Amino acid sequence: MYLVTREIDFCYGHRLLNYEGKCRHLHGHNGKAIITVEADKLDERGMVLDFSDIKQVVSTWIDDNLDHRMILCKDDPAVSILQEMGEPLYLLDVNPTAENIARVIYEKTKSAGFPIVEARLWETPKCFATYRES
């Protein structure tokens, strides 16, 4: 099995609902998404997938939807205030934890037709969450 991985850096803000720690407040991260795709054989170019294909599709989606946005649960009471202020948001049906953001990135990559194995979201230089299907 062959694997290739692409890193995508982006900045985002969020806060966690039903949480007692510091992350219950609006705050930001310099995040890094790591996308890993696989294939059991290489294409005619000798590649699983061209790194630039991942960049063109997945990095563009992240830039357009997650980068420099507040990623919030749609039920967060701050949503309506931020929308009134014209702040860019990306809303989830669930709490915007690193685990759930990794899953969103995984699902968007898979829906683009890439043979994704896992999506990893580094929230800080020492903490990351990974999503993969079982």
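Taking the conditions (1) touching a helix residue (DSSP H, G or I) at 6+ places or on another chain (Cβ under 7 Å); (2) surrounded by fewer than 14 Cβ atoms within 10 Å (Cβ to Cβ) in turn, Arg6 satisfies each one other than (2).
Within region 13-24, identify whether any single residue is farther than 25 Å from Cys127 by Cβ, of a type in the set (S, T, N, Q) and either touching a Lys or Arg at 6+ places or on another chain (Cβ under 7 Å) or modelled with pLDDT under 95 (or both), and answer yes or no. No - not one qualifying residue is present in region 13-24.
Every condition in (1) at pLDDT 95 or above; (2) in contact with a Pro (Cβ under 8 Å, 6 or more places away or on another chain) holds for Leu49 except the one numbered (1).
The values are calculated or read from the model by the stated rules, or taken from the named source; none is laboratory data. Small disclaimer: the values here were computed from a predicted structure and weren't measured. As a convention, Cβ positions derive from the backbone with ideal geometry for all residues, glycine included, and neighbour counts pool all protein chains shown.
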